[in-house]
Amino acid sequence: MLFFRLSRMCGSKFPSTSIAVALIAVAHAVTALAHPGAELRIPPPKPVMSYVQLKKETWRLASDRNELVDAVVARRVRLNLRPFGGGSDAFFVDRQDQIGFVCRSKSRGFKGGAVVSVIITYESGGDQGDFFTLDHCEVSR
């Protein structure tokens, strides 16, 4: 019940984003209670990454999967997704980059377009490219 209330206070329409923010708030509150007199500081949210930034980070950190995961997972990203085709549920921004995206959930009838979503997982496909799972895909307004 606490997580539900905290996620409602955070105001996000995406439950996993709200829960993540709520967990951070709870962690900071517990730290503050454990250290009386300590100032409660919640770090500001990181800005939304562009596709260009995501691509640069992916290529720069390709040899260190853990560092790449730390850099991009749980970050919001702005993308213009295009369907991969051939019956696949995957999307891409630029096919030549070999970076694919899968949406954990989608709005009804979502076929691609401009989205802002949270990266929830990363997988390296080796020579086949890199793959990111997005929390939710719907055309942003």
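Observations on the model:
- Scanning the range 119-141 for residues that are assigned to a loop (DSSP other than H, G, I, E, B) and over 14 Å from Leu61 (Cα atoms) returns Gly125, Glu138, Val139, Ser140, Arg141.
- Subset of the range 119-131 that is out of contact with any Leu (no Cβ under 8 Å at 6 or more places or on another chain) and in contact (Cβ under 8 Å) with a residue 40 or more places away in the chain - its residue that is nearest to Val69 (Cα to Cα): Thr121
- Criterion: open to solvent by less than 50 Å² (accessible area, probe 1.4 Å) and not basic (Lys, Arg) - qualifying residue of Asp130, Asp94: Asp130
- Only residues that are in a loop (DSSP other than H, G, I, E, B), open to solvent by 60 Å² or more (accessible area, probe 1.4 Å), of a type outside the set (S, T, N, Q) and touching a residue at least 24 places away in the same chain (Cβ under 8 Å) were counted across the range 97-118, and they come to 1.
- Unmet criterion (only one of (1) open to solvent by 100 Å² or more (accessible area, probe 1.4 Å); (2) modelled with pLDDT of 60 or more) for Tyr51: (1)
The values are calculated or read from the model by the stated rules, or taken from the named source; none is laboratory data. This structure is a prediction, so every number in the text was calculated from the model and none was measured. Methodologically, a virtual Cβ is constructed for each residue, glycine included, from the backbone with ideal geometry; neighbour enumeration extends over all protein chains shown. These area figures cover heavy atoms from the full protein model, side chains too; ligands, DNA and RNA do not enter into them. Shrake-Rupley method; radii C 1.70, N 1.55, O 1.52, S 1.80 Å.
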